[in-house]
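Here is the structure we will look at, set down as structure tokens.
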Amino acid sequence: MTVSSSAPMAPATLAGQVAVVTGGARGIGLGIAQRLAAQGCRVAVWDLQPDALQGSGYAPELALRVDVGSSASVQAAAAETEKSLGPIGILVNNAGINGPVKPVAEYSDEDWARVIQVDLTAVFYCCRAVTPGMQRRGHGRVVNVASIAGKEGMGGIAAYSAAKAGVIGFTKALAKELVGSGVMVNAIAPVITETDLFREMTPEHIAGAKAKIPLGRFLQVSEIAAMVAFIAGPDCSFTTGFTFDLSGGRATY
Ligand SMILES: NC(=O)c1ccc[n+]([C@@H]2O[C@H](COP(=O)([O-])OP(=O)(O)OC[C@H]3O[C@@H](n4cnc5c(N)ncnc54)[C@H](O)[C@@H]3O)[C@@H](O)[C@H]2O)c1
């Protein structure tokens, strides 16, 4: 039996695809960028501090200074990336900030707004800038980096928890808008991972987070990168709107 379709063929491999990784200059994003590059992607890193790449031993094909919390900055970066590297096939919305660890009663308007802007609104800006082109071409993969905090909610980081829960909801909604277009939109929800984000957290917060992971250790950046490479790749062909867990057995829902 033959199955005919008027939809364009999806790429059979990651090789040659243009992948944007926001916040890819260090930490988890750097690991994702390196992994996608190792599988043949032409990677563009969009980061507030692209200079952080120096000394990492990794040079992406393109590194742009971008504030993902600025609509204009994101639109300019999308245009420059497509001009330099060609159509964007993969978008990894990874840039994020933790914000201060404080109870809601002590949280300032400014801190709340900054966390929501960088962790949630930026995901909307990047998807709005990039997915219409994917839709026109009939293929694309979006991977949004949420967090276990977005599934469970964590005291002391209510703004972060709310933003990441928003990312999960946004991922479901956009996936439904684009379903059938060849553009898959998924998220990941990692538990605590040892990166520079630790600098903004108290030792008590870090110890408490580790104690909640049944596997009894922190998640490795390479494990996140491997999952992102799968979600962004051709083998993830029947899943959209889903949040993939990286929780060491903690979240089984
Ligand atoms: N580290 C963890 O334990 C953990 C757990 C779950 C989810 N996450 C999520 O993973 C992502 C990466 O976290 P990380 O630990 O690698 O953080 P990190 O602080 O090590 O790196 C974040 C990167 O994002 C960039 N960035 C920050 N604000 C930006 C902006 N406005 N525009 C562009 N770039 C910006 C930074 O310059 C940096 O390069 C975040 O979305 C974070 O919420 C982290």
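Some notes on this structure:
- Against the compact-protein benchmark of 2.2 N^0.38 Å, the Cα-based radius of gyration of the range 87-198 scales to 1.12.
- Solvent-accessible area, 1.4 Å probe, carbon plus sulfur percent, for the chain: 56
- The rule of thumb for compact globular proteins, 2.2 N^0.38 Å, goes into the C-alpha radius of gyration of the range 1-85 1.27 times.
- Cα-based equivalent ellipsoid, the range 18-246: semi-axes from gyration tensor eigenvalues, Å: 26, 19, 18
- Distance from the alpha carbon centroid of the range 82-135 to that of the range 178-216 works out to 16 angstrom.
- In order along the range 52-65, the Karplus-derived 3J(HN,Hα) couplings, from 6.51 cos²θ - 1.76 cosθ + 1.60 at θ = phi - 60°, round to 4, 5, 4, x, 7, x, 10, 10, x, 4, 9, 10, 10, 7 Hz, and Gly and Pro are given as x.
- Computed packing ranks the peptides 55-67, 210-222 as 55-67, 210-222, most packed first, by mean other Cβ atoms within 10 Å.
- Neighbour net charge for Y107 - beta-carbon separation under 15 angstrom, K R +1, D E -1: -4
- Order by protection proxy (mean Cβ within 10 Å, highest first), peptides 109-115, 87-93, 186-192: 87-93, 186-192, 109-115
- Rounded FRET efficiency, nearest 0.05, which uses the C-beta distance separating A211 from D111 and R0 of 35 Å: 0.85
- For the listed peptides 13-25, 42-54, a ranking on the average number of other beta carbons within 10 Å per residue, highest first, reads 13-25, 42-54.
The values are calculated or read from the model by the stated rules, or taken from the named source; none is laboratory data. Predicted model, so just to flag it, every value in this text is computed and none were measured. Every residue, glycine as well, gets a Cβ built from its backbone with ideal geometry; the counts of neighbours run over all protein chains shown. The area values use the complete protein model at the heavy-atom level, side chains included, leaving out ligands, DNA and RNA. Shrake-Rupley method; radii C 1.70, N 1.55, O 1.52, S 1.80 Å.
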